[in-house]
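Notes to accompany the following structure.
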Amino acid sequence: MAEPLKNLLHPALVKTMADQIGAHSTGFDTQRFTDLATEHMQQLELMQRAIQIRDALAATLPQDFEQAAALLSASLPKDGRTGMTGWSLLPVSQFVAQKGLGHFDLSLSLLKQLTPHFTAEFGIRPFIHAEQDRALATIGTWTTDANHHVRRLASEGTRPRLPWAIRLPSLMRDPQPILPILTALLDDPEDYVRRSVANSLNDIAKDHPDLVAAFVGGHIGAASPQRRQLLRHASRTLLKKGHVDALANFGFAPLSGIAATLSIETGHVNFGDALAFTMTVVNEGAAAQKVMIDYAVHHRKANGSLAPKVFKWKSLELAPSERVTMTRKHAMRAITTRQYYPGGHRLDILVNGAVLAGADFQLVMA
């Protein structure tokens with residue numbers, strides 16, 4: 001069994017934090033910090049542990065934020081010297097976010113310093129929320145930083161719907177202020193950064209689909225393979241939903257004369273086994289057509305309703321009268337992100353986002 005996520009923050013890590021901070025301040029009460037940070041820790045989940053360690057920092061670091069920031073900065077790895085790194089910096093970034101709003105520039109500078117050692121994407125969001133224009137003016141300069149972690153912080157930290165983090169309602173309503181940041185990173189040499197840009201654009205697409213489709217259309221001409229891959233990943237939600245302009249960006253025209261049939265081979269699927277099915281698509285039109293084939297599994301919810309989840313399958317070009325048959329097995333097994341319920345489910349075949357065939361099946365739980 002996998003180690004519980006909460007154990008990423010543990011007493012030994014707290015002890016190491018205490019020693020590293022204490023090495024730079026004779027006045028830092030390492031024992032009190034350790035006691036406060038680890039109290040009843042076994043009973044706490046990951047983010048609860050992070051908050052408790054953050055509060056222990058607030059109780060034991062200098063009350064003057066500038067002094068506290070200097071001590072935390074000194075405790076980071078520098079010039080080949082060891083220091084706080086990894087998950088120990090999650091509560092540190094939370095401390096900066098909580099205590100540093102009155103020291104705007106100093107706090108953003110400190111978060112920039114620590115992000116090469118552990119992402120500060122959660123820590124910068126309260127600053128964006130408090131003073132968006134001021135924060136983005138600073139964050140925008142990070143797009144040209146030599147360190148790829150800092151460049152990624154510029155895109156990841158400004159994502160309107162960043163998972164696990166507070167949302168940024170202002171940017172959800174109007175994402176235009178972060179588009180220059182994303183544009184500056186479209187051709188970043190690091191895939192790590194480009195994927196962050198794609199995820200941010202995909203976030204925006206959930207609230208502003210036409211805006212993202214237009215953005216992609218404006219940046220896909222003569223795009224490098226790396227940029228094209230980024231823009232395709234950024235458009236994944238729009239493509240699954242069959243957004244006409246998003247499909248056109250990648251050469252998928254509205255369907256004309258395309259038909260599909262579906263055959264489910266396992267009408268009753270035992271939980272833990274796979275749903276097996278066969279799909280045939282044919283071009284009955286007079287011209288070749290580029291098609292994107294996906295499928296949607298409509299999972300049963302606790303209240304009996306069905307909720308679709310779209311899965312990517314294959315893209316191909318069909319000549320006139322060409323017929324293609326494909327088979328697939330879709331596992332119906334336990335995953336951390338879904339609760340399964342027995343009973344009727346549905347499978348749909350989507351071609352260029354349009355449902356062309358579908359059939360029902362039953363999920364049987366042990």
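Each reported figure results from applying straightforward, stated rules to the coordinates on display, with no laboratory input. Predicted model, so just to flag it, every value in this text is computed and none were measured. Every residue, glycine as well, gets a Cβ built from its backbone with ideal geometry; the counts of neighbours run over all protein chains shown.
Overview of values
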| read-out | value |
| --- | --- |
| Theoretical FRET efficiency, 1/(1+(r/R0)^6), r = Cβ-Cβ of ASN7 and THR183, R0 41 Å, to 0.05 | 0.55 |
| Efficiency of FRET between ASP29 and ASP64 - r from beta-carbon atoms, R0 25 angstrom, step 0.05 | 0.95 |
| Nonlocal amide H pairs with MET332, under 5 Å, H built at 1.01 Å | GLY272, ASP273, ALA274, LEU275 |
| Per-residue HN-Hα couplings for region 306-314 [Karplus 6.51, -1.76, 1.60; θ = phi - 60°; Hz; x = Gly/Pro] | 10, 10, x, 10, 8, 10, 5, 10, 7 |
| Between 0 and 90°, nearest 10: helix 209-219 axis offset from the chain longest Cα axis | 90 degrees |
| Subset of LYS6/LYS78; LYS206/LYS290; LYS290/LYS329; LYS241/LYS309; LYS240/LYS290 violating a 22 Å alpha-carbon distance limit | LYS6/LYS78; LYS206/LYS290; LYS290/LYS329 |
| Inter-label distance, nm, simple model (7 Å from Cα along the C-beta direction), ASP79/ILE51 | 4.0 nm |
| ALA146-ILE220 FRET efficiency (beta carbon distance; Förster radius 35 Å; 0.05 resolution) | 0.80 |
| Mean Cβ neighbour count within 10 Å, used as a protection proxy, ranking 245-258, 313-326 highest first | 245-258, 313-326 |
| Pairwise label distance in nanometres, LYS241 with ASP105, each label 7 Å out on the Cα-Cβ vector | 4.1 nm |
| Residues of region 270-285 with amide N under 11 Å of a point placed 7 Å along Cα→Cβ from ARG328 | 276-280 |
| For the chain, alpha-carbon Rg relative to the globular expectation (2.2 N^0.38 Å, N residues) | 1.22 |
| Net charge of Cβ neighbours under 9 Å - reference GLY358; Lys, Arg +1; Asp, Glu -1 | -1 |
| Simple Cβ-charge dipole of the chain, Lys/Arg +1 and Asp/Glu -1, about Cα centre, in debye nearest 20 | 780 debye |
| Over the chain: helical MRE at 222 nm, DSSP H runs n ≥ 4 each giving -39500 (n - 2.57), nearest 500 | -12000 deg cm²/dmol |
| Between helix 104-114 and the chain: long-axis angle, C-alpha atoms, 0 to 90°, nearest 10 | 70 degrees |
| Distance between modelled label sites at GLN339 and ARG134, nm, 7 Å Cα→Cβ extension | 4.4 nm |
| Cα-based helix-to-principal-axis angle, 89-99 vs the chain, degrees rounded to 10 | 70 degrees |
| Ordering of 137-147, 119-129 by burial proxy (mean other Cβ atoms within 10 Å per residue, highest first) | 119-129, 137-147 |
| Length released on extending from GLN98 to HIS233, taking residue separation times 0.36 nm less the Cα-Cα span | 45.2 nm |
| Proximal charge balance of TRP313 [Cβ under 9 Å; K/R count +1, D/E count -1] | +2 |
| Summed residue charge, Cβ within 14 Å of ALA287's Cβ, Lys/Arg positive, Asp/Glu negative | -2 |
